[in-house]
Amino acid sequence: MLVATAIAACAAPGSAEDGYRLWMRYPAVTATSEIDAAPATPVLAAAAAELRRGLPAGAGPVMLAPAGDPRLAELRLPTAQLGDEGYLVRRATVAGRSVTLVTGNTDRGLLYGTFALLRHLATGASIERVSLSSSPAVKLRILDHWDNLDGVVERGYAGRSLWDWWSLPELKDPRYTDYARANASIGINGTVLNNVNAKAISLTPRYIAKAAALADIFRPYGIKVYLSARFSAPIELGGLKTADPRDPAVAAWWRAKSDEIYRAIPDFGGFLVKANSEGQPGPRDYGASHADGANMLAAAVKPHGGIVMWRAFVYADTDPQDRAKQAYAEFKPLDGKFADNVIVQVKNGAIDFQPREPFHPLFGAIPKTPLMIEFQITKEYLGFASHLAYLGPLFEEVLDAQTGARRGETVGSVVSGAAEHHGISGMAGVANIGDDRDWSGSSFNQANWYAFGRLAWDPALSSRDIAREWVEQTFGSDPALVDAIIPIMAGSREAVVDYTGPLGLAHLMATGHHYGPGPWVSDLARPEWNPVYYHRGDHEGIGFDRTKTGSNAVAQYAPRLARAYSDPAKTPLTELLWFHHLRWDYRLSTGRTVWEELVQRYDRGVATVADMQRRWAALEPRIDAERWQKTATLLAVQAREARWWRDASLAYWMSLNQLPLPPGSAPPEHDLAWYKALSFPDAPGNPQ
Ligand code: GCW
């Protein structure tokens with residue numbers, strides 16, 4: 001099927017630069033091209049439509065053809081290793097015509113190839129010498145939406161949920177399609193529609209029909225729909241007396257429920273489950289294990305090819321051991337006990353998405369179990385939507401961390417399953433998407449969605465390269481502009497670490513909504529809910545002793561790492577107080593004491609934000625007014641809040657250690673009582 005298409009200008013003149021177009025800011029210039037797409041499947045149609053939107057003038061003929069197309073036979077292309085999602089894009093002569101060929105073994109491969117070609121062109125590269133080939137290292141590349149059915153997004157700072165559950169399935173907001181396009185452009189192939197703190201009602205026929213409507217919209221973009229399942233649903237919806245996974249009536253209920261879902265959504269991905277964590281029901285309520293629970297659900301979706309993503313984010317408010325140890329303690333004995341369509345979803349660190357945590361000790365520790373990593377794209381602990389914090393370096397740091405368990409093994413290689421050859425592998429990101437016009441609350445938050453998708457496709461990519469291609473597509477490929485923006489992004493996450501919790505401190509935020517500092521909080525019912533539990537600061541020193549003399553959490557790491565983490569002199573400064581309780585006057589490799597180093601880092605964080613503001617200010621002439629202004633305003637908020645974090649924290653530490661600030665360091669603006677009295681019951685993202 002040959003479609004000769006005259007391409008009309010796609011962006012209306014004068015259209016607002018409100019961030020809606022994300023990184024897909026295709027040229028507004030009219031282009032005429034020939035797009036040869038055969039055969040026509042919904043996925044190929046979506047790919048061809050994207051080319052019509054985005055192919056710049058003068059690109060010449062583009063052919064989308066599956067590897068099996070007889071016209072390609074004589075080219076002998078190396079398509080065998082592309083798998084079922086990989087692509088190959090290159091110049092070729094097909095049936096006597098010189099074309100830009102996009103090929104792959106499946107239509108999804110062609111879809112990804114199409115987006116790769118558009119990215120290639122949008123980043124300033126030429127079509128004449130295009131030669132791209134890639135296939136994803138990770139199979140499940142998934143966004144987890146913590147969206148409640150009433151439209152509130154837990155830990156969401158970009159407006160309300162994108163899903164208008166009430167008007168679905170009839171009303172199909174065109175935005176759903178744009179969401180799918182954006183995800184497909186970075187290789188995301190799954191979405192969990194509802195919050196892991198799940199309501200059983202999402203499994204009722206009414207809601208299944210709504211989810212099915214979204215699945216129909218996403219399918220042409222290679223995106224499968226998943227649902228978070230409430231473990232007690234057989235009781236709440238089915239009227240059973242128990243949700244015990246070993247009870248045949250419970251298993252039968254889930255089987256029937258799964259059959260019902262698959263009748264509506266034949267390619268339904270499966271379930272995500274948060275069980276026995278923060279009040280959610282689960283198999284432990286009945287004395288059964290996480291494996292019993294996961295395997296029972298896995299059996300229900302197995303006949304349909306579905307999977308279960310079972311979260312390892314468990315800590316019991318009745319378990320007295322170090323919270324950082326609890327997930328490992330619970331899951332390590334279960335290695336090898338999970339069904340083959342279960343994947344265990346592990347947060348990047350052992351506590352909870354803090355600005356910095358050492359990687360989770362389960363990575364490398366349970367090789368018989370496929371593990372998918374869970375990152376948080378929404379910035380619950382990194383300044384909500386307002387702070388500019390590019391998370392690429394955070395994701396990269398974790399993925400590149402050596403587990404020490406096997407030679408050369410990294411968290412990224414565990415996740416991609418390279419060594420163990422598991423049938424499934426995955427990476428999940430808690431979405432930062434809402435109904436804000438710019439989707440994520442700011443231009444730079446879009447970069448975190450982008451970076452997540454790119455790294456899920458290829459965990460070996462560098463966060464800096466990703467930043468570059470994102471900037472080029474989002475703001476334009478003028479090298480002077482790109483070179484000015486990248487440094488702003490590159491140091492931004494470290495700045496947040498510096499002004500919120502340097503040297504490995506963590507979990508110091510205010511209670512509930514997590515907005516702003518609260519390192520003094522000590523009056524919550526359970527010890528591990530309190531920041532004082534995590535920093536253990538007192539008159540003498542600060543930090544959590546996780547060595548043999550303390551909780552011995554270090555022993556959960558491979559011996560080589562455990563040895564290093566046991567010695568403060570061998571522990572990276574960035575993780576020092578995570579593993580060690582040290583005297584305030586303990587001298588570090590920098591020549592400074594712990595106290596001096598802490599202050600220096602708080603100051604550095606505040607100074608970095610000031611520097612980011614200066615750099616951004618200089619870009620005013622080069623960036624459209626609307627996006628420039630919003631970022632400038634948000635940077636001013638960030639500067640104020642960075643100072644607040646630094647001042648409140650230092651005021652508190654000084655109340656403990658009674659030490660003076662090192663010379664040159666400004667005193668906190670207010671006294672400690674002032675900071676403690678601040679209250680923000682209206683802070684967003686905290687469902688009551
Ligand atoms: O970080 C914590 C959040 C909770 C969240 C939980 C989790 C969905 O504060 O809001 O609940 O993690 O990951 O389950």
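Descriptive notes on the structure:
- A Förster radius of 60 Å combined with the Cβ-Cβ distance from Asp538 to Asp178 puts the calculated FRET efficiency at roughly 0.70.
- Hypothetical label at Ser665: residues of region 605-642 whose amide nitrogen lies under 15 Å (7 Å Cα-Cβ projection): 605-607
- Cα centroids of region 151-192 and region 378-424: 25 Å apart.
- Length gained on full extension, Asp335 to Arg622, computed as 0.36 nm times the residue gap minus the Cα-Cα distance: 97.9 nm.
- For region 144-459, DSSP calls about 10 percent of its internal beta bridges antiparallel.
- For region 565-688, a/c is not less than 1.5, where a ≥ b ≥ c are the root eigenvalues of the C-alpha gyration tensor, and a/b tops b/c. That puts it in the prolate class.
- Within straight-line reach of Lys139, meaning a Cα separation under 12 Å, sit the following aspartates and glutamates at least 8 residues removed in sequence or on another chain: Asp84, Glu85, Asp458.
- Helix-only CD estimate at 222 nm, as mean residue ellipticity for the chain, using -39500 (n - 2.57) per DSSP H run (n ≥ 4): -11000 deg cm²/dmol
- Antiparallel %, DSSP beta bridges [both residues in region 335-437], to 5: 20
- Cα gyration tensor category, rounded, prolate or oblate, for the chain with a/c compared to 1.5: oblate
- Of Leu659, Leu455, Leu672, Leu171, the residue with the largest accessible area leads and the full order is Leu171, Leu659, Leu672, Leu455 (1.4 Å probe).
- Computed with a 1.4 Å probe over protein heavy atoms only, the accessible area of Ile235 comes to about 60 Å².
- Spin-label pair Glu170/Thr123, simplified geometry with 7 Å Cα→Cβ offset, distance in nm: 4.5
- Rolling a 1.4 Å probe over the protein heavy atoms leaves Ser413 with an accessible area of roughly 30 Å².
- Cα gyration tensor shape for region 12-158, rounded if a/c is under 1.5, else prolate or oblate: oblate
- Measuring nothing but protein heavy atoms, the accessible surface of the chain at 1.4 Å probe radius is 54 percent carbon and sulfur.
- In percent, rounded to a whole number, the relative contact order of the chain is 12, using alpha-carbon pairs under 8 Å and six or more apart.
- Accessible surface comparison of Arg464, Arg640, probe 1.4 Å, protein chains only, largest first: the order is Arg640, Arg464.
- Angle between the chain longest axis and helix 594-618 axis [Cα atoms, degrees, rounded to 10]: 40
- Accessible area in the full protein assembly, largest first, 1.4 Å probe, for Thr100, Thr242: Thr242, Thr100
- 3J(HN,Hα) along region 381-391: 10, 10, x, 6, 7, 7, 7, 7, 9, 7, 8 Hz, from the Karplus curve 6.51 cos²θ - 1.76 cosθ + 1.60 with θ = phi - 60°, whole Hz, x for Gly and Pro.
- Per residue, in Å², the accessible surface of the chain once ligands and nucleic acids are set aside, probe 1.4 Å: 36
- Rounded to 5, the percent of DSSP beta bridges in the chain classed as antiparallel: 40
- The lysine pair count for region 144-459, using Cα distances under 14 Å and pairs eight or more places apart or on different chains, is 7.
- Region 215-234-region 534-585 distance, computed between alpha-carbon centres (Å): 42
The values are calculated or read from the model by the stated rules, or taken from the named source; none is laboratory data. All values derive from a computational prediction rather than experimental measurement. Methodologically, a virtual Cβ is constructed for each residue, glycine included, from the backbone with ideal geometry; neighbour enumeration extends over all protein chains shown. Each accessible area value is taken on the protein alone, full model and side chains, heavy atoms only, with ligands, DNA and RNA left out. Shrake-Rupley method; radii C 1.70, N 1.55, O 1.52, S 1.80 Å.
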